[in-house]
Amino acid sequence: MTQSLLHRILDYANRPDPYPIYEELRRTPVHHEADGPYVISTYYEIRSLLHDPRMSSDARNLASHTSDPLAEPGSAEGGALPPGFLKLDPPEHDRLRRMANRPFGPPHSPRRVDGMRPELHDIVTGLIDGIGDPGGFDLVEQFSYPFPVTVICRLLGVPREDEARFHVWADTLAASLDPDPDADPAERGKDAHDARMELGMYLAGLIEERRKHPGEDMLSQLATAKGGDGAMSTMELLSTAALLLIAGHETTVNLITNGMLTLLRHPDVLGRLREDPRLAVPIVEELLRFEPPVQLVPQRTTLADIEIRGVTIPKGAPVWLVLASGNRDPQRFEDPDRFDPDRPDIQHLGLGSGVHSCFGAPLARLETQFALAELARRLENPRLVQDPPPYRQNAVLRGPRQLHITCDGIRA
Ligand code: HEM
């Protein structure tokens, strides 16, 4: 039996190269299979829905959310964490995002991310120095994973000795974002629920501690803030902290790994980056277009009937926005399957757009620019051991599970 397009997107066998499926998908910009979500795959339609106030990110607005693989069981009954602002609509979303932004970005904290440069440099240097055998190592384990996870823990103020416990919870929650049709939703829901419970309890203790002894970290500032929006309730604080920890986890890991994989497949660009680290800026933008870590946004629903490209999406229907397909839409990008950091205009969808556009974008960009520039400079003649590498199961947060590299040495 031929598989439906939706199944082919989720089929693990297609993880190394989902782009031919997206090309097929774009022939029907609003694709709908019986009982399935409405799948949007073309650039302009995705962008318009990302900016449409009739679209909701709140799963409670789904007409039938009992079978939603992304619903968080127990989230309404207390105990587990309520959803963070990623899954809320305005005005609650805007209020919480504004409050979270106070200690993170302009206008109140314009130097927070930029001020992390020396720390980022030290972490990157320490990790590259620590690569044991340049003749064969896994970039994910030795570098792409520990780097952003350490950074987000430091930013929020998670003590170093607790970072390992945190990784386990974050991995489980990231896996629960994957709408895998073959996984048992009850089992996965339970794992995610347990992880949210444990993470919630851990963060509650940490917040309590920071209220008594505030430091310079973001959690202390969120816990003690009294801006124009008032203070966050303890539950709001918990879910915001959990959202930041998790959102800053798998995504940047995958961008760094996808980035190195792409550069090793394009040695000319890698060579140019080695000569000129400033090229890291357009390289990271082109990577967010060409190999985006968030392939699709599955948590949207319609608040009214919406007509798009001649199709009416009924109120309460689940909608998937396939960002990675929009990024390869030839109606928007010339020769979209070519990796070309010299493109004059790379306005990709890799960090979303509209009110939910990525909150951590300045940090994610800076981390990846630093990481790729330093890897290019320090690894001598790096080569891929296995191409394609083994991928993670997740079709939403897509990236290699391992990236084995061999090189002739590591420069000082
Ligand atoms: C390369 C790394 C990253 C990528 C590709 C990425 C991608 C995205 C995308 C596509 C969205 C939009 C989701 C939607 O429309 O529903 C988003 C939202 C978000 N991201 Fe990121 N992200 C990255 C790193 C980070 C980091 C490091 C943080 C935390 C510091 C972060 C925090 C968030 C938050 C809190 C939201 C929700 C924003 C809202 O709902 O207003 N992200 N991200």
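Taking residues in the stretch 393-412 that are more than 14 Å from I256 (Cα to Cα) and touching a residue at least 24 places away in the same chain (Cβ under 8 Å), and partners anywhere that are part of a loop (DSSP other than H, G, I, E, B) and polar (S, T, N, Q), the pairs with Cβ atoms closer than 8 Å and at least 6 places apart or on different chains are A395/Q295; V396/Q295; C407/N381; D408/N381.
The one condition from (1) within 13 Å of the ligand (Cβ to nearest atom); (2) buried (at least 23 other Cβ atoms within 10 Å of the Cβ) that N258 does not meet is (2).
Pull out all pairs, ordered by first then second residue, where Cβ-Cβ is under 7 Å, the residues are six or more apart or on different chains, the first lies in the stretch 281-305 and is polar (S, T, N, Q), and the second is part of a strand (DSSP E or B). Pairs that qualify, where the first residue is polar (S, T, N, Q) and the partner is part of a strand (DSSP E or B), are T301/S56; T301/P318; T301/V319; T302/M55; T302/I313; T302/V319. The numbered conditions (1) crowded, with 23+ Cβ neighbours inside 10 Å; (2) more than 16 Å from the ligand (Cβ to nearest atom) are all true for M235 except (1).
Only strands (runs of 3 or more DSSP E) whose full extent lies in the stretch 262-375 are considered here, and the ones with at least 2 residues that are of a type outside the set (D, E) and within 16 Å of the ligand (Cβ to nearest atom) are 297-302, 318-321.
Throughout, read-outs are computed from the coordinates displayed, never taken from laboratory work. Keep in mind that what you see is a predicted model, and the values were worked out from it rather than measured. Reconstructed Cβ throughout: ideal geometry from the backbone, glycine too, with neighbour counts over all protein chains shown.
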